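Accompanying notes for the structure given below.
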Amino acid sequence: MSASGGTKAIVAALVANLAIAVAKFVAFLFSNSSSMLAESVHSLADSGNQALLLVGGKKAKREATPQHPFGYGRERYIYAFLVSIVLFSVGGMFALYEGYEKIKHPHELTNWYWPVGVLVFAIIAETFSFRTAIKESNAVRGRRSWKEFVRHAKAPELPVVLLEDLGALVGLFLALGGVGLALLTGNSVWDGIGTLCIGILLILIALVLAAETKSLLLGESAGLEETQKIEAAVVDGDTVTRIIHMRTLHLGPEELLVAAKIAVRHDDTATEIAAAINAAEARIREAVPIARVIYLEPDIYSEREAAKGPDPEASPGGPAPHPAEH
């Protein structure tokens, strides 16, 4: 994901949600609609979430330090995870509480044109924000389905904004349905039911976001396409004859660590091996530009030892030495 694309989608969502939050709260004051109160808190929580994403993106750009030698790229994952917590607690749980209170103690809706007018305005504004998020996502998702994009994107901002905007649009229609049924039937319990539905929706979206960002925080490997490019770039068929085993790890959305044990010929000199490693690193960076931290350890290939896997204790000759970065 390009940083500019993600930032553009976040800013569009932030502007839309701030305007919508104010309009919804004014509508609540005039109509006494619990759906409008839940939706105003929802939009306010979304605005805070977009602010968190912007802060996370800025903090992630800090230079590496001796204490954090791999940089701060994962700040973006941490703030995306905070977004899911805010959406769950402030948005979802508050809406469930308001819905329950409205059903238990229904209050007649007044000045119905306020919530209806604001909801129509909010749907238009959220559609604009959602359209921007879709446009920016289409620029980077390629041929992946939307489900695959959300599940496998390494940059969290666009999936977060997409799900938030989708949830906001569905929530607005739920609120409109709750208010409409309350007006048609004269029973404001429908307003509370609409609020409950909004709460359930927000909690489900928050759980999806939490699961995906938790996976990114734990550390995900490179995608299949990137892995294949790295494997093809490492082996030159001359000095580097094969990859014995390899591990990749995203240090951030646009920074990849590559660690591999590579097979070299037994009669190659140290100078030839060093030159081959440097050449392999150059090929990897050309094939996958986000591969910025590369560790390659030369070894003599043994089918029996390779079958033992990447455990250092299983490497020929005892424990493997610490690889040096080139």
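Structure summary
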quantity: Criterion (farther than 15 Å from G171 by Cβ, open to solvent by 10 Å² or more (accessible area, probe 1.4 Å) and under 14 Å from the mean Cα position of the chain (by Cα)) met by exactly one of L54, L29; calculated: L54
quantity: Helices (runs of 4 or more DSSP H) within the stretch 138-249 that include 2 or more residues over 17 Å from the mean Cα position of the chain (by Cα) and in contact (Cβ under 8 Å) with a residue 40 or more places away in the chain; calculated: 157-185, 189-218, 224-234
quantity: Filter result for A80 (more than 26 Å from L196 (Cβ to Cβ) and crowded, with 17+ Cβ neighbours inside 10 Å); calculated: yes
quantity: Yes/no for G73 being surrounded by 15 or more Cβ atoms within 10 Å (Cβ to Cβ) and either more than 15 Å from A206 (Cα to Cα) or of a type in the set (A, V, I, L, M, F, W, C) (or both); calculated: yes
quantity: Considering residues of the stretch 280-311 that are farther than 22 Å from L224 by Cβ and loosely packed, with under 15 Cβ neighbours inside 10 Å only, the residue modelled with the highest pLDDT; calculated: A282
quantity: Qualifying position, being surrounded by 15 or more Cβ atoms within 10 Å (Cβ to Cβ), hydrophobic (A, V, I, L, M, F, W, C) and farther than 18 Å from D299 by Cα, among A259, A222; calculated: A222
quantity: Sole exception among (1) assigned to a helix (DSSP H, G or I); (2) at pLDDT 85 or above for V90, by number; calculated: (2)
quantity: The stretch 111-140 - residue that is among the polar types (S, T, N, Q) and open to solvent by 40 Å² or more (accessible area, probe 1.4 Å) and, of those, modelled with the lowest pLDDT; calculated: N111
quantity: Matching entry among L82, L96, L54, L29 (being part of a helix (DSSP H, G or I) and within 22 Å of F121 (Cα to Cα)); calculated: L29
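The values are calculated or read from the model by the stated rules, or taken from the named source; none is laboratory data. Owing to the predicted nature of the structure, the values given are computational and were not obtained by experimental measurement. Every residue, glycine as well, gets a Cβ built from its backbone with ideal geometry; the counts of neighbours run over all protein chains shown. SASA here: full protein model, heavy atoms, side chains in, ligands and nucleic acids out. Shrake-Rupley method; radii C 1.70, N 1.55, O 1.52, S 1.80 Å.
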